[in-house]
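Step one of this worksheet: look at the structure below.
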Amino acid sequence: MTDRATRPLVVFAAFAGSLVIGLVVVLWLLGGLRGATAPAAIGGPFQLTDQTGQTVTEKSLLGRPTIIFFGYTHCPDVCPTSLFEMSEVLRAMGKDADRVNAYFVSVDPERDTSAVMKDYLSSFDPHLKGLTGDPTAVAKVLSEYRVYAKKIPLKDGDYSMDHTALIYLMDKDGKFVAPFNLKRTPEAAADDLKHYL
């Protein structure tokens with residue numbers, strides 16, 4: 001074969017290889033490759049404030065399993081739905097809900113102050129804590145948890161946020177376990193979460 005004939009094959013092979021690597025990474029993050037030996041580089045040091053003004057850091061995760069959702073209070077659909085589902089799981093846990101950390105971390109610190117988070121979360125389970133901070137502190141936690149978040153300008157001058165919509169499950173040592181599946185009955189999800197107590 002000539003160089004001209006082999007060039008498309010090399011390009012195609014490189015593309016196919018990168019596609020396979022990308023799919024493996026996505027599958028592993030979604031819990032499809034649980035046999036993988038390397039832990040996910042998700043989580044790390046952070047310092048945010050909850051809706052009552054209390055400081056929350058990575059040390060706050062220790063000793064309890066933790067479920068974390070990243071979103072924002074102006075979110076029209078995914079965020080309130082996910083927080084409702086998290087609330088239903090916490091309700092189904094009964095008294096064991098006191099032994100779990102449940103966090104809603106804002107990806108929109110410009111609008112989501114502690115007061116805004118407090119008002120917003122009043123519609124959900126009282127175990128849910130809303131975390132926010134200055135843009136630098138929020139950017140740090142988004143980076144630590146590999147969360148994608150991007151401001152999307154709207155025609156009226158306002159904006160929405162495009163963001164990762166996974167529920168992160170961390171164990172009692174603050175280590176990432178897997179995305180937590182809420183697409184099942186609250187009772188089934190609660191039983192699963194109780195295994196990490």
Answer yes if at least one residue in the range 108-127 is without any contact (Cβ under 8 Å) to a residue 40 or more places away in the chain, among the aromatic types (F, W, Y) and in contact with a Leu (Cβ under 8 Å, 6 or more places away or on another chain), and no otherwise. no
Identify all residues within the range 110-138 that are in a loop (DSSP other than H, G, I, E, B), in contact with a helix residue (DSSP H, G or I) (Cβ under 6 Å, 6 or more places away or on another chain) and either of a type outside the set (F, W, Y) or at pLDDT below 95 (or both); write none if there are none. D125, H127
Restricting attention to the range 179-196, does a residue exist that is part of a strand (DSSP E or B) and closer than 25 Å to T55 by Cβ? no
In the range 153-171, is there at least one residue being modelled with pLDDT of 95 or more and of a type in the set (K, R)? no
Taking only the range 139-178 into account, find how many residues are part of a helix (DSSP H, G or I) and either without any contact (Cβ under 8 Å) to a residue 12 or more places away in the chain or not β-branched (V, I, T) (or both). 5
Among the residues of the range 184-197, count how many are charged (D, E, K, R), closer than 24 Å to G43 by Cβ and touching a residue at least 24 places away in the same chain (Cβ under 8 Å). 1
Name the residue, out of S60, S82, that is under 15 Å from the mean Cα position of the chain (by Cα) and small (G, A, S). S82
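Could you list, in sequence order, the residues of the range 47-93 that are of a type in the set (G, A, S) and touching a helix residue (DSSP H, G or I) at 6+ places or on another chain (Cβ under 8 Å)? If you could, list the steps in order and put the result at the bottom.
Initial filter on the range 47-93 (of a type in the set (G, A, S)): 53, 60, 63, 71, 82, 87, 92.
Across the range 47-93, the qualifying residues are G53, G71, A92.
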In a strand (DSSP E or B), under 25 Å from K59 (Cα atoms) and of a type in the set (V, I, T) - does that describe any residue in the range 82-102? no
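The values are calculated or read from the model by the stated rules, or taken from the named source; none is laboratory data. Just so we're clear, the structure is a prediction, and the values are computed from it rather than from any experiment. Ideal geometry is used to build each Cβ from the backbone, glycine not excepted, and the neighbour counts take in all protein chains shown.
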